[in-house]
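Contents: one structure, followed by commentary.
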Amino acid sequence: MMKHNNLFLWLLGLTVCWLASCSEEDGRVTYPYSCPEISELQFSTTDQTPAADSLYFSVKIHDPQTPLSTLEVKLMTGETLVSSQSIRTKGTDVSIVEKGIYIPFEAGLEENQEAKVILTAINVEGSEVTQTFDFHITRPQIPEVLYLHYNGEVVEMTRSEDNPYLYLTEVSDSEEGYPMELSGKISTAASLNDAKLIWGAAEASNTAVLIEASGPSFAFDYRDWFVEQITFNVMTFELGVVGYQKNLKIKETELIASEGFFRAQISFTQGEEFEMSGFEDVEHAYNRDFFSYNPDNGKFTFLRKSGTWEIYYSSKYNYIWVARMGDTAPTCFWLIGHGFTCAPVWNEAYNSGGWNLEDISQLGYIVPIGEQKYQTTVYLSNTHEWESFEIEIYSGLEWDNKNQGMLLQEGSLSGDTDGIELSASNGITSGDGFVPGYYRLTFDVSQGVGKETLHIERLSD
């Protein structure tokens, strides 16, 4: 009889462990199968919710046998996930009251956009139940007049009669038009603090996103345009202009405005003559390291190795950069730093910033001019905010390419070196007695790394 009782107790214990057992693998309680239940689901709207506002919901979640884990909330437009959030739920009964879901106002939002909220309740064993609420997102009411804020000014932008999404400033009465570049915000009220909607900084220039009043400004960049009017599209959130571009050509190839420059890829043959057209001050704009200029016939001669080259022109700096951004030593070297420009005329914009590996206007392409000789021509100035110029030589446009392939040492400098000295790293900087000016830098690498020489020739003030 005792043996039967022991056997019964052993079987009973095994059954209890099976019903709510402790897993030997993870040490947690395993519950029998059950599924959460959603009830009393209510939303703050029956069909429509304006963008840039919030939709609220209340719900009760119950699971009779298994503790709850999370409530997953997704906002969808079509197949696009707009936003999601995970709400922690505990116990077997949870009440959520007036939980908000922000409805963003983004570029491309259609009128009466179909949308849905998907609620998924999940228990700790992974069982889940889902309910979906379908509704429409309406576009906010935007007034007839918006306000452009820049440089301390507030300029009205009026809705176009031809396009209800397009807003325009008045035509500029200035001979220079509106600025080609500016940082600004656009709002639905003259005061940012009173505005319901404010557009500001986006990832790309000439686009905007909704921000708070204290948020960052967008970048408006239409260099090489004469800007008669500034436009803003409240459907696409894109900034634009009414105006005109210059018609610039080199060798009959038109330069196209892109990312703040006029750009083109042009094939040149060493020694060929050609013309440029459309440049207001071509005698200062042309690149001395690649071209020579004959003022008698207005033609240019290509000086360097034949091939296809990338051309960048900026009317802000009135200069033509010639380069191939992917080139590395020994095809070329690169000048990186601050307080310099390749243009022969200084621009106050260079009095701050620098040390850029992507913006050609802040780089110097050191081109081969002969057997193991390289050249670049730059304006050097110590009027920079750091009270000096400093430039270094890189073998390619990567930060770890400094000191690779060329290393200036004591005694490397010759020529017009007054006020110019070696920097703490691979380059030169301004010292006592330096006078800003336009300098030609010629490097000789024929003796090998660490034995390079740099000849400096002052061309003009």
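The values are calculated or read from the model by the stated rules, or taken from the named source; none is laboratory data. Being a predicted model, the structure only gives us computed values, none of them experimental. Methodologically, a virtual Cβ is constructed for each residue, glycine included, from the backbone with ideal geometry; neighbour enumeration extends over all protein chains shown. Ligands, DNA and RNA are stripped out before the accessible areas are found, and what is left, the full protein with its side chains, is counted by its heavy atoms. Shrake-Rupley method; radii C 1.70, N 1.55, O 1.52, S 1.80 Å.
Among the numbered criteria (1) touching a residue at least 40 places away in the same chain (Cβ under 8 Å); (2) in a strand (DSSP E or B), which one does Gln42 miss?
Exception for Gln42: condition (1).
Does region 167-176 hold any residues that are assigned to a loop (DSSP other than H, G, I, E, B) and either modelled with pLDDT under 95 or not acidic (Asp, Glu) (or both), and which are they?
Listed by number, the residues that qualify are Thr169, Val171, Ser172, Asp173, Ser174, Glu175, Glu176.
Would you please list the contacts, defined by Cβ atoms under 6 Å and residues six or more apart or on different chains, that run from a residue in region 261-284 that is closer than 13 Å to Trp309 by Cβ to a residue that is among the small types (Gly, Ala, Ser) and modelled with pLDDT of 90 or more?
Thr269/Ser306; Gln270/Ser306
Pairs, please: C-beta under 6 Å, at least 6 apart or cross-chain, first residue more than 14 Å from Phe340 (Cβ to Cβ) and in contact (Cβ under 8 Å) with a residue 24 or more places away in the chain and in region 439-461, second open to solvent by 70 Å² or more (accessible area, probe 1.4 Å) and part of a strand (DSSP E or B)?
Short answer, once both residue conditions are applied: Thr442/His455; Asp444/Lys373.
Across region 265-316, what is the number of residues that are of a type in the set (Lys, Arg) and touching a Leu at 6+ places or on another chain (Cβ under 9 Å)?
1
Considering every residue within region 319-341, establish whether at least one is touching a residue at least 40 places away in the same chain (Cβ under 8 Å), aromatic (Phe, Trp, Tyr) and open to solvent by 40 Å² or more (accessible area, probe 1.4 Å).
Within region 319-341 (the criterion being touching a residue at least 40 places away in the same chain (Cβ under 8 Å), aromatic (Phe, Trp, Tyr) and open to solvent by 40 Å² or more (accessible area, probe 1.4 Å)), the answer is no, since none of the residues qualifies.
Residue-by-condition table, conditions (1) of a type in the set (A, V, I, L, M); (2) in contact with a Cys (Cβ under 8 Å, 6 or more places away or on another chain); (3) under 30 Å from Ser44 (Cβ atoms):
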site	(1), (2), (3)
His136	no, no, yes
Arg139	no, no, yes
Pro143	no, no, yes
Leu146	yes, no, yes
Asn151	no, no, no
Glu161	no, no, no
Tyr165	no, no, yes
Thr169	no, no, no
Ser174	no, no, no
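Just for region 177-190: of the residues that are part of a loop (DSSP other than H, G, I, E, B) and modelled with pLDDT of 90 or more, which one is surrounded by the fewest Cβ atoms within 10 Å (Cβ to Cβ)?
Ala190
Is it the case, given these coordinates, that Glu106 is among the charged types (D, E, K, R) and surrounded by 13 or more Cβ atoms within 10 Å (Cβ to Cβ)?
Taking the combined requirement at face value, the residue satisfies it.
Given the conditions (1) open to solvent by less than 20 Å² (accessible area, probe 1.4 Å); (2) out of contact with any Cys (no Cβ under 9 Å at 6 or more places or on another chain); (3) of a type in the set (Ser, Thr, Tyr), which single one is not true for Thr308?
The failed condition is (1).
Any idea how many residues of region 268-294 are in contact with a helix residue (DSSP H, G or I) (Cβ under 9 Å, 6 or more places away or on another chain) and at pLDDT below 95?
1
Quick one: count up the residues across region 276-319 that are part of a loop (DSSP other than H, G, I, E, B) and out of contact with any Pro (no Cβ under 8 Å at 6 or more places or on another chain).
Here the count works out to 18.
Output the residues belonging to region 433-451 that are buried (at least 18 other Cβ atoms within 10 Å of the Cβ) and either assigned to a strand (DSSP E or B) or over 38 Å from the mean Cα position of the chain (by Cα) (or both).
Tyr438, Tyr439, Leu441, Thr442, Phe443 - these are the residues of region 433-451 that are buried (at least 18 other Cβ atoms within 10 Å of the Cβ) and either assigned to a strand (DSSP E or B) or over 38 Å from the mean Cα position of the chain (by Cα) (or both).
Find all pairs meeting these conditions: Cβ atoms under 8 angstrom apart; at least six residues apart or on different chains; first residue within region 237-250 and more than 22 Å from Thr188 (Cβ to Cβ); second residue open to solvent by 50 Å² or more (accessible area, probe 1.4 Å) and of a type in the set (Gly, Ala, Ser).
Close Cβ pairs (under 8 Å, with a partner that is open to solvent by 50 Å² or more (accessible area, probe 1.4 Å) and of a type in the set (Gly, Ala, Ser)) amount to Asn247/Ser277; Leu248/Ser277; Lys249/Ser277.
Going by what's in this entry, would Tyr365 be described as of a type in the set (Ser, Thr, Tyr), closer than 18 Å to Val445 by Cα, crowded, with 21+ Cβ neighbours inside 10 Å and in contact with a Lys or Arg (Cβ under 6 Å, 6 or more places away or on another chain)?
The answer is no for Tyr365.
For region 191-204, how many residues are closer than 18 Å to Glu238 by Cα and either of a type in the set (D, E, K, R) or open to solvent by 60 Å² or more (accessible area, probe 1.4 Å) (or both)?
1
Could you tell me whether region 55-74 includes any residue that is open to solvent by less than 40 Å² (accessible area, probe 1.4 Å), touching a His at 6+ places or on another chain (Cβ under 9 Å) and of a type outside the set (Asp, Glu)?
Yes: one or more hits.
Tell me which residues, restricted to region 131-176, are more than 30 Å from Ile38 (Cβ to Cβ), hydroxyl-bearing (Ser, Thr, Tyr) and surrounded by 15 or more Cβ atoms within 10 Å (Cβ to Cβ).
Hits for region 131-176 are Tyr147, Tyr150, Tyr167, Thr169, Ser172.
Here are Tyr313, Tyr350, Tyr394: which of them is under 22 Å from the mean Cα position of the chain (by Cα), open to solvent by less than 20 Å² (accessible area, probe 1.4 Å), modelled with pLDDT under 95 and at negative phi?
Tyr313
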